[in-house]
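Everything on this sheet refers to the single structure shown next.
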Amino acid sequence: MTLILGLESSCDDSAVALVTGDRRILAQAVVGQNAAHQPYGGVVPEIAARAHVEILPDLIRRVLDEAKVGIGDVDAIAATAGPGLIGGVMVALLAGKGLALAAGKPLIAVNHLEGHALSPRLVDPDLGLPYLLLLVSGGHCQLLEVRGVGDYRRLATTIDDAAGEAFDKAAKLLGLGYPGGPAIEALAGSGLPAAVPLPRPLVGSGESHFSFAGLKSAVQRAVASGDYRPEDIAASFQQAVVDCLVDRTALALDKTDAPTLVVAGGVAANAAIRSALAGLAAREGRGFSVPPAWLCTDNAAMIAWAGAERFAAGLTDGLDAPARARWPLDESAERVRGAGVKA
Ligand code: KG4
Ligand code: ZN
(Lines give C-alpha, C1' and ligand atoms only; values in the text may rest on other atoms or scores of the structure.)
(Ligands and ions follow the chains in the order given, each with its own letter.)
Protein backbone atom coordinates (compact mmCIF):
# COMPACT_ATOMS: atom_id res chain seq x y z
CA MET A 1 0.00 0.00 0.00
CA THR A 2 1.20 3.49 -0.87
CA LEU A 3 2.78 5.36 2.04
CA ILE A 4 3.13 9.15 1.93
CA LEU A 5 5.00 11.46 4.30
CA GLY A 6 3.27 14.84 4.53
CA LEU A 7 4.91 18.11 5.66
CA GLU A 8 3.13 21.40 6.44
CA SER A 9 4.42 24.85 7.55
CA SER A 10 2.50 27.42 5.51
CA CYS A 11 1.05 29.37 8.43
CA ASP A 12 1.60 28.99 12.19
CA ASP A 13 1.38 25.20 12.55
CA SER A 14 4.33 22.88 11.99
CA ALA A 15 2.91 19.47 11.09
CA VAL A 16 4.06 16.05 9.90
CA ALA A 17 2.01 12.93 9.09
CA LEU A 18 2.35 9.47 7.58
CA VAL A 19 -0.75 8.42 5.66
CA THR A 20 -1.46 5.36 3.50
CA GLY A 21 -3.37 5.23 0.23
CA ASP A 22 -6.08 3.21 2.03
CA ARG A 23 -6.77 6.03 4.50
CA ARG A 24 -4.76 4.92 7.52
CA ILE A 25 -2.94 7.59 9.50
CA LEU A 26 0.12 5.76 10.85
CA ALA A 27 1.31 8.73 12.89
CA GLN A 28 0.89 12.49 12.91
CA ALA A 29 1.90 15.52 14.95
CA VAL A 30 0.98 19.21 14.92
CA VAL A 31 2.85 21.87 16.89
CA GLY A 32 1.13 25.25 16.97
CA GLN A 33 2.63 28.61 17.88
CA ASN A 34 -0.35 30.39 19.43
CA ALA A 35 1.62 31.59 22.45
CA ALA A 36 4.31 33.18 20.26
CA HIS A 37 1.76 35.15 18.19
CA GLN A 38 -0.74 35.89 20.98
CA PRO A 39 0.73 39.31 21.93
CA TYR A 40 0.28 40.52 18.33
CA GLY A 41 -3.32 39.29 17.83
CA GLY A 42 -2.33 37.54 14.61
CA VAL A 43 0.44 35.53 12.97
CA VAL A 44 3.77 37.35 12.58
CA PRO A 45 5.34 35.80 9.45
CA GLU A 46 8.97 36.17 10.52
CA ILE A 47 8.33 34.58 13.93
CA ALA A 48 6.39 31.74 12.29
CA ALA A 49 9.12 30.96 9.73
CA ARG A 50 11.86 30.86 12.35
CA ALA A 51 9.77 28.59 14.59
CA HIS A 52 9.19 26.12 11.73
CA VAL A 53 12.94 25.87 11.20
CA GLU A 54 13.34 24.89 14.85
CA ILE A 55 10.33 22.57 15.18
CA LEU A 56 9.89 20.69 11.90
CA PRO A 57 13.00 18.44 11.77
CA ASP A 58 12.36 16.95 15.22
CA LEU A 59 8.70 16.47 14.33
CA ILE A 60 9.69 14.46 11.23
CA ARG A 61 11.89 12.21 13.38
CA ARG A 62 9.14 11.75 15.99
CA VAL A 63 6.49 10.77 13.43
CA LEU A 64 8.77 8.31 11.61
CA ASP A 65 9.82 6.78 14.96
CA GLU A 66 6.26 6.50 16.24
CA ALA A 67 5.17 4.66 13.09
CA LYS A 68 8.40 2.61 13.11
CA VAL A 69 8.96 3.66 9.52
CA GLY A 70 12.22 4.59 7.81
CA ILE A 71 12.35 7.27 5.13
CA GLY A 72 13.23 4.45 2.71
CA ASP A 73 9.80 2.89 3.32
CA VAL A 74 7.77 5.84 2.04
CA ASP A 75 6.67 6.04 -1.59
CA ALA A 76 6.74 9.82 -1.86
CA ILE A 77 7.18 13.00 0.15
CA ALA A 78 4.33 15.50 -0.01
CA ALA A 79 5.12 19.03 1.14
CA THR A 80 2.95 22.13 1.08
CA ALA A 81 4.40 24.45 -1.58
CA GLY A 82 1.89 27.29 -1.07
CA PRO A 83 -0.18 29.34 -0.80
CA GLY A 84 0.77 30.86 2.54
CA LEU A 85 3.37 32.93 4.34
CA ILE A 86 6.32 32.47 2.03
CA GLY A 87 9.02 32.17 4.70
CA GLY A 88 7.11 29.34 6.34
CA VAL A 89 6.17 27.65 3.07
CA MET A 90 9.86 27.38 2.17
CA VAL A 91 10.67 25.45 5.35
CA ALA A 92 8.50 22.36 4.71
CA LEU A 93 9.09 22.51 0.96
CA LEU A 94 12.87 22.55 1.32
CA ALA A 95 12.78 19.90 4.06
CA GLY A 96 10.70 17.74 1.71
CA LYS A 97 13.13 18.30 -1.14
CA GLY A 98 16.06 17.37 1.07
CA LEU A 99 14.42 14.12 2.14
CA ALA A 100 13.36 13.32 -1.43
CA LEU A 101 16.89 13.98 -2.66
CA ALA A 102 18.58 11.95 0.08
CA ALA A 103 16.20 8.98 -0.10
CA GLY A 104 15.71 9.02 -3.87
CA LYS A 105 11.93 9.43 -3.51
CA PRO A 106 9.54 11.51 -5.61
CA LEU A 107 8.41 14.92 -4.32
CA ILE A 108 4.80 16.03 -4.44
CA ALA A 109 4.39 19.81 -4.15
CA VAL A 110 0.95 20.13 -2.59
CA ASN A 111 -1.34 23.16 -2.76
CA HIS A 112 -2.41 23.76 0.86
CA LEU A 113 -5.92 24.54 -0.38
CA GLU A 114 -6.07 21.18 -2.15
CA GLY A 115 -5.11 19.65 1.20
CA HIS A 116 -8.17 21.27 2.81
CA ALA A 117 -10.31 20.52 -0.24
CA LEU A 118 -9.60 16.78 -0.34
CA SER A 119 -9.36 16.29 3.45
CA PRO A 120 -12.98 15.11 3.82
CA ARG A 121 -12.16 12.14 1.56
CA LEU A 122 -9.51 10.95 4.02
CA VAL A 123 -12.16 10.19 6.64
CA ASP A 124 -15.22 9.68 4.41
CA PRO A 125 -14.54 6.91 1.85
CA ASP A 126 -18.07 7.28 0.50
CA LEU A 127 -17.64 10.95 -0.42
CA GLY A 128 -17.64 10.88 -4.21
CA LEU A 129 -16.80 13.64 -6.68
CA PRO A 130 -17.96 16.23 -7.48
CA TYR A 131 -18.93 18.13 -4.32
CA LEU A 132 -19.46 21.77 -3.44
CA LEU A 133 -16.81 22.86 -0.95
CA LEU A 134 -17.08 25.83 1.38
CA LEU A 135 -13.46 26.42 2.34
CA VAL A 136 -13.32 28.73 5.34
CA SER A 137 -10.01 29.35 7.09
CA GLY A 138 -7.84 32.15 8.38
CA GLY A 139 -6.58 32.99 4.91
CA HIS A 140 -9.43 31.86 2.66
CA CYS A 141 -13.15 32.02 2.17
CA GLN A 142 -14.13 30.29 -1.06
CA LEU A 143 -16.83 28.18 -2.63
CA LEU A 144 -15.33 25.60 -4.96
CA GLU A 145 -16.78 22.86 -7.09
CA VAL A 146 -14.38 19.98 -6.45
CA ARG A 147 -14.53 17.93 -9.66
CA GLY A 148 -11.41 15.82 -9.29
CA VAL A 149 -7.80 15.87 -8.16
CA GLY A 150 -6.36 19.11 -9.55
CA ASP A 151 -9.74 20.02 -11.07
CA TYR A 152 -11.56 22.87 -9.31
CA ARG A 153 -14.04 25.53 -10.33
CA ARG A 154 -14.19 28.56 -8.06
CA LEU A 155 -17.71 29.91 -7.66
CA ALA A 156 -16.97 32.58 -5.03
CA THR A 157 -14.20 34.10 -2.97
CA THR A 158 -13.90 37.01 -0.54
CA ILE A 159 -13.46 40.56 -1.76
CA ASP A 160 -11.78 41.58 1.50
CA ASP A 161 -11.28 39.52 4.68
CA ALA A 162 -11.46 35.73 5.03
CA ALA A 163 -14.01 34.35 7.51
CA GLY A 164 -11.37 33.23 10.01
CA GLU A 165 -9.64 36.59 9.68
CA ALA A 166 -12.96 38.25 10.58
CA PHE A 167 -13.22 36.05 13.69
CA ASP A 168 -9.64 36.92 14.63
CA LYS A 169 -10.17 40.67 14.15
CA ALA A 170 -13.48 40.67 16.07
CA ALA A 171 -11.80 38.76 18.89
CA LYS A 172 -8.99 41.31 19.01
CA LEU A 173 -11.56 44.14 19.25
CA LEU A 174 -13.19 42.29 22.16
CA GLY A 175 -9.83 41.84 23.86
CA LEU A 176 -9.89 38.05 23.41
CA GLY A 177 -6.83 35.98 22.59
CA TYR A 178 -5.54 34.60 19.29
CA PRO A 179 -6.80 32.54 17.51
CA GLY A 180 -10.10 34.39 17.75
CA GLY A 181 -12.48 31.77 16.37
CA PRO A 182 -12.54 29.40 19.36
CA ALA A 183 -12.55 32.36 21.79
CA ILE A 184 -15.55 34.01 20.08
CA GLU A 185 -17.39 30.70 19.89
CA ALA A 186 -16.90 30.08 23.61
CA LEU A 187 -18.02 33.62 24.59
CA ALA A 188 -20.97 33.50 22.17
CA GLY A 189 -22.32 30.53 24.12
CA SER A 190 -23.55 32.85 26.89
CA GLY A 191 -24.69 35.73 24.63
CA LEU A 192 -27.79 36.62 22.62
CA PRO A 193 -27.36 36.40 18.81
CA ALA A 194 -29.99 39.09 18.15
CA ALA A 195 -28.85 41.55 20.84
CA VAL A 196 -26.57 43.68 18.65
CA PRO A 197 -27.72 44.92 15.22
CA LEU A 198 -24.88 44.00 12.84
CA PRO A 199 -24.85 44.09 9.02
CA ARG A 200 -24.82 41.02 6.75
CA PRO A 201 -22.62 42.41 3.93
CA LEU A 202 -23.92 41.59 0.42
CA VAL A 203 -26.67 39.27 1.69
CA GLY A 204 -29.64 39.46 -0.65
CA SER A 205 -27.64 41.40 -3.26
CA GLY A 206 -27.29 38.50 -5.68
CA GLU A 207 -23.51 39.06 -5.60
CA SER A 208 -21.79 35.69 -5.30
CA HIS A 209 -18.67 36.75 -3.36
CA PHE A 210 -18.10 37.21 0.36
CA SER A 211 -17.28 40.41 2.25
CA PHE A 212 -16.58 40.75 5.97
CA ALA A 213 -14.82 44.12 6.29
CA GLY A 214 -18.06 46.04 6.96
CA LEU A 215 -19.03 43.56 9.66
CA LYS A 216 -15.71 44.07 11.38
CA SER A 217 -16.18 47.87 11.37
CA ALA A 218 -19.67 47.43 12.85
CA VAL A 219 -18.22 45.26 15.65
CA GLN A 220 -15.67 48.01 16.28
CA ARG A 221 -18.47 50.58 16.66
CA ALA A 222 -20.51 48.28 18.91
CA VAL A 223 -17.51 47.74 21.20
CA ALA A 224 -16.67 51.46 21.27
CA SER A 225 -20.28 52.45 22.11
CA GLY A 226 -20.09 50.64 25.45
CA ASP A 227 -23.80 49.82 25.02
CA TYR A 228 -23.47 46.05 24.71
CA ARG A 229 -22.21 43.07 26.73
CA PRO A 230 -19.15 41.37 25.12
CA GLU A 231 -20.94 38.01 25.04
CA ASP A 232 -23.84 39.59 23.11
CA ILE A 233 -21.42 41.15 20.61
CA ALA A 234 -19.68 37.76 20.18
CA ALA A 235 -22.98 35.90 19.69
CA SER A 236 -24.36 38.54 17.30
CA PHE A 237 -21.12 38.59 15.31
CA GLN A 238 -21.08 34.80 15.00
CA GLN A 239 -24.73 34.84 13.88
CA ALA A 240 -23.93 37.46 11.23
CA VAL A 241 -21.08 35.31 9.87
CA VAL A 242 -23.37 32.26 9.86
CA ASP A 243 -26.02 34.20 7.90
CA CYS A 244 -23.44 35.37 5.33
CA LEU A 245 -22.00 31.89 4.86
CA VAL A 246 -25.43 30.28 4.49
CA ASP A 247 -26.66 32.93 2.03
CA ARG A 248 -23.61 32.71 -0.26
CA THR A 249 -23.51 28.91 -0.09
CA ALA A 250 -27.21 28.70 -1.00
CA LEU A 251 -26.47 30.85 -4.06
CA ALA A 252 -23.58 28.58 -5.07
CA LEU A 253 -25.70 25.45 -4.64
CA ASP A 254 -28.00 26.87 -7.32
CA LYS A 255 -25.02 26.88 -9.71
CA THR A 256 -23.96 23.25 -9.29
CA ASP A 257 -25.55 19.82 -9.45
CA ALA A 258 -22.97 18.44 -7.01
CA PRO A 259 -24.91 16.11 -4.71
CA THR A 260 -22.98 16.94 -1.53
CA LEU A 261 -22.06 20.09 0.40
CA VAL A 262 -18.72 19.86 2.21
CA VAL A 263 -17.25 22.38 4.67
CA ALA A 264 -13.53 22.44 5.47
CA GLY A 265 -10.84 24.76 6.86
CA GLY A 266 -10.32 26.01 10.42
CA VAL A 267 -13.60 27.93 10.68
CA ALA A 268 -15.48 24.68 9.96
CA ALA A 269 -14.55 23.71 13.53
CA ASN A 270 -17.30 26.14 14.65
CA ALA A 271 -20.40 24.23 15.83
CA ALA A 272 -22.89 26.99 14.92
CA ILE A 273 -21.48 27.17 11.39
CA ARG A 274 -21.49 23.39 10.98
CA SER A 275 -25.10 23.02 12.07
CA ALA A 276 -26.37 25.97 9.97
CA LEU A 277 -24.75 24.52 6.85
CA ALA A 278 -26.03 21.01 7.63
CA GLY A 279 -29.50 22.58 7.81
CA LEU A 280 -29.00 24.32 4.46
CA ALA A 281 -27.87 21.07 2.80
CA ALA A 282 -30.92 19.25 4.19
CA ARG A 283 -33.29 21.98 2.90
CA GLU A 284 -31.65 21.83 -0.52
CA GLY A 285 -31.81 18.02 -0.69
CA ARG A 286 -28.02 17.63 -0.75
CA GLY A 287 -25.78 15.40 1.32
CA PHE A 288 -23.50 17.00 3.91
CA SER A 289 -19.99 16.15 5.04
CA VAL A 290 -17.64 17.95 7.39
CA PRO A 291 -14.32 16.55 8.63
CA PRO A 292 -13.66 16.27 12.39
CA ALA A 293 -12.35 19.52 13.93
CA TRP A 294 -8.71 18.30 14.10
CA LEU A 295 -8.78 17.77 10.33
CA CYS A 296 -10.38 21.19 9.71
CA THR A 297 -7.56 23.22 11.25
CA ASP A 298 -4.10 23.02 9.67
CA ASN A 299 -2.46 19.59 9.83
CA ALA A 300 -0.20 17.40 7.71
CA ALA A 301 -2.54 14.41 7.39
CA MET A 302 -4.49 16.43 4.81
CA ILE A 303 -1.26 17.25 2.96
CA ALA A 304 -0.17 13.60 2.96
CA TRP A 305 -3.66 12.57 1.81
CA ALA A 306 -3.68 15.11 -1.04
CA GLY A 307 -0.22 13.72 -1.86
CA ALA A 308 -1.66 10.18 -1.90
CA GLU A 309 -4.45 11.25 -4.25
CA ARG A 310 -1.96 13.01 -6.55
CA PHE A 311 0.47 10.06 -6.41
CA ALA A 312 -2.36 7.68 -7.40
CA ALA A 313 -3.06 9.98 -10.36
CA GLY A 314 0.61 9.85 -11.40
CA LEU A 315 1.26 13.46 -10.43
CA THR A 316 4.71 14.12 -8.95
CA ASP A 317 6.92 17.22 -9.11
CA GLY A 318 10.54 18.06 -9.86
CA LEU A 319 13.01 19.21 -7.23
CA ASP A 320 12.76 22.67 -8.78
CA ALA A 321 9.11 23.04 -7.70
CA PRO A 322 8.56 26.68 -6.65
CA ALA A 323 7.32 27.99 -3.31
CA ARG A 324 4.25 30.10 -3.99
CA ALA A 325 2.75 32.80 -1.73
CA ARG A 326 -0.28 32.97 -4.01
CA TRP A 327 -1.60 29.81 -5.70
CA PRO A 328 -5.28 29.70 -6.63
CA LEU A 329 -6.86 26.25 -7.01
CA ASP A 330 -8.79 27.49 -10.01
CA GLU A 331 -6.18 29.30 -12.10
CA SER A 332 -8.85 30.42 -14.56
CA ALA A 333 -10.88 32.29 -11.93
CA GLU A 334 -10.80 36.06 -12.17
CA ARG A 335 -9.16 38.05 -9.40
CA VAL A 336 -11.90 39.99 -7.68
CA ARG A 337 -11.78 43.60 -6.58
CA GLY A 338 -10.79 44.60 -3.06
CA ALA A 339 -7.60 45.32 -1.22
CA GLY A 340 -6.81 42.21 0.79
CA VAL A 341 -7.81 39.75 -1.90
CA LYS A 342 -6.64 36.24 -1.14
CA ALA A 343 -5.63 33.57 -3.64
O1 KG4 B 1 -7.31 26.31 8.47
P2 KG4 B 1 -6.64 27.04 9.59
O3 KG4 B 1 -6.14 26.25 10.76
O4 KG4 B 1 -5.43 27.89 9.07
C5 KG4 B 1 -5.46 28.56 7.84
O6 KG4 B 1 -5.12 27.94 6.80
O7 KG4 B 1 -5.87 29.75 7.87
O8 KG4 B 1 -7.70 28.15 10.09
C9 KG4 B 1 -7.40 29.00 11.16
C10 KG4 B 1 -8.58 29.94 11.32
C11 KG4 B 1 -8.33 31.06 12.35
O12 KG4 B 1 -8.74 32.30 11.77
C13 KG4 B 1 -9.23 30.69 13.51
O14 KG4 B 1 -9.70 31.80 14.25
C15 KG4 B 1 -10.36 29.95 12.81
O16 KG4 B 1 -9.74 29.23 11.79
N17 KG4 B 1 -11.06 29.05 13.73
C18 KG4 B 1 -12.36 29.20 14.08
C19 KG4 B 1 -12.64 28.20 15.04
N20 KG4 B 1 -11.51 27.45 15.22
C21 KG4 B 1 -10.55 27.99 14.39
N22 KG4 B 1 -13.28 30.11 13.68
C23 KG4 B 1 -14.49 30.04 14.25
N24 KG4 B 1 -14.84 29.11 15.18
C25 KG4 B 1 -13.95 28.17 15.60
N26 KG4 B 1 -14.28 27.28 16.52
ZN1 ZN C 1 -5.28 26.05 6.24
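Report, by residue number, each residue of segment 130-153 that is among the aliphatic types (A, V, I, L, M) and either within 12 Å of T256 (Cβ to Cβ) or within 16 Å of ligand 1 (Cβ to nearest atom) (or both).
Selection gives L132, L133, L134, L135, V136, L143, L144, V146.
Any residue in segment 217-227 that is assigned to a helix (DSSP H, G or I), β-branched (V, I, T) and under 23 Å from the mean Cα position of the chain (by Cα)?
No, segment 217-227 contains no residue that is assigned to a helix (DSSP H, G or I), β-branched (V, I, T) and under 23 Å from the mean Cα position of the chain (by Cα).
Would you pick out the residues in segment 269-314 that are under 27 Å from L56 (Cα atoms) and among the aliphatic types (A, V, I, L, M)?
The answer is A269, A293, L295, A300, A301, M302, I303, A304, A306, A308, A312.
Is it fair to say E114 is within 16 Å of ligand 2 (Cβ to nearest atom), outside any loop (DSSP other than H, G, I, E, B) and modelled with pLDDT of 95 or more?
yes
Restricting attention to segment 127-140, which residues are closer than 23 Å to P182 by Cβ and either open to solvent by less than 10 Å² (accessible area, probe 1.4 Å) or in contact with a Cys (Cβ under 9 Å, 6 or more places away or on another chain) (or both)?
L133, L134, L135, V136, S137, G138, G139 - these are the residues of segment 127-140 that are closer than 23 Å to P182 by Cβ and either open to solvent by less than 10 Å² (accessible area, probe 1.4 Å) or in contact with a Cys (Cβ under 9 Å, 6 or more places away or on another chain) (or both).
Would you pick out the residues in segment 245-269 that are open to solvent by less than 10 Å² (accessible area, probe 1.4 Å) and within 16 Å of ligand 2 (Cβ to nearest atom)?
Listed by number, the residues that qualify are V262, V263, A264, G265, A268.
Which one of the conditions (1) surrounded by fewer than 23 Cβ atoms within 10 Å (Cβ to Cβ); (2) more than 16 Å from ligand 1 (Cβ to nearest atom); (3) under 19 Å from D126 (Cβ atoms); (4) over 18 Å from the mean Cα position of the chain (by Cα) does A308 fail to meet, given that it meets all the rest?
(1)
Do we have any residue at all in segment 189-203 that's in the same structural domain as S137 (by TED's automatic domain parsing), away from ligand 2 (no atom under 16 Å from the Cβ), within 29 Å of A35 (Cα to Cα) and not polar (S, T, N, Q)?
yes
Results for (1) open to solvent by 60 Å² or more (accessible area, probe 1.4 Å); (2) in contact with a Phe, Trp or Tyr (Cβ under 9 Å, 6 or more places away or on another chain); (3) assigned to a loop (DSSP other than H, G, I, E, B), shown as yes or no for each residue.
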site	(1), (2), (3)
A100	no, no, no
L122	no, yes, no
P125	yes, no, yes
Q142	no, yes, no
R154	no, no, no
D160	no, yes, yes
G181	no, yes, no
V196	no, yes, yes
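Which of the residues spanning segment 95-106 are more than 16 Å from V19 (Cβ to Cβ) and either in the same structural domain as Y152 (by TED's automatic domain parsing) or touching a residue at least 24 places away in the same chain (Cβ under 8 Å) (or both)?
Selection gives A95, K97, A100, L101, A102, A103.
Could you give every pair whose Cβ atoms fall below 8 Å, whose first residue belongs to segment 154-178 and is within 16 Å of ligand 2 (Cβ to nearest atom), and whose second residue is open to solvent by 10 Å² or more (accessible area, probe 1.4 Å) and of a type in the set (D, E, K, R), counting only separations of at least 6 or pairs across chains?
T157/K342; T158/K342; D161/K169; D161/K216; A162/K342; A166/K216; Y178/D168; Y178/K172
The values are calculated or read from the model by the stated rules, or taken from the named source; none is laboratory data. Treat the numbers as computed from the prediction; the structure is a model and nothing was measured. So basically every Cβ, Gly included, is an ideal-geometry build from the backbone, and we count neighbours across all protein chains shown. Heavy atoms of the whole protein, side chains included, go into the accessibility calculation; ligands, DNA and RNA do not. Shrake-Rupley method; radii C 1.70, N 1.55, O 1.52, S 1.80 Å.
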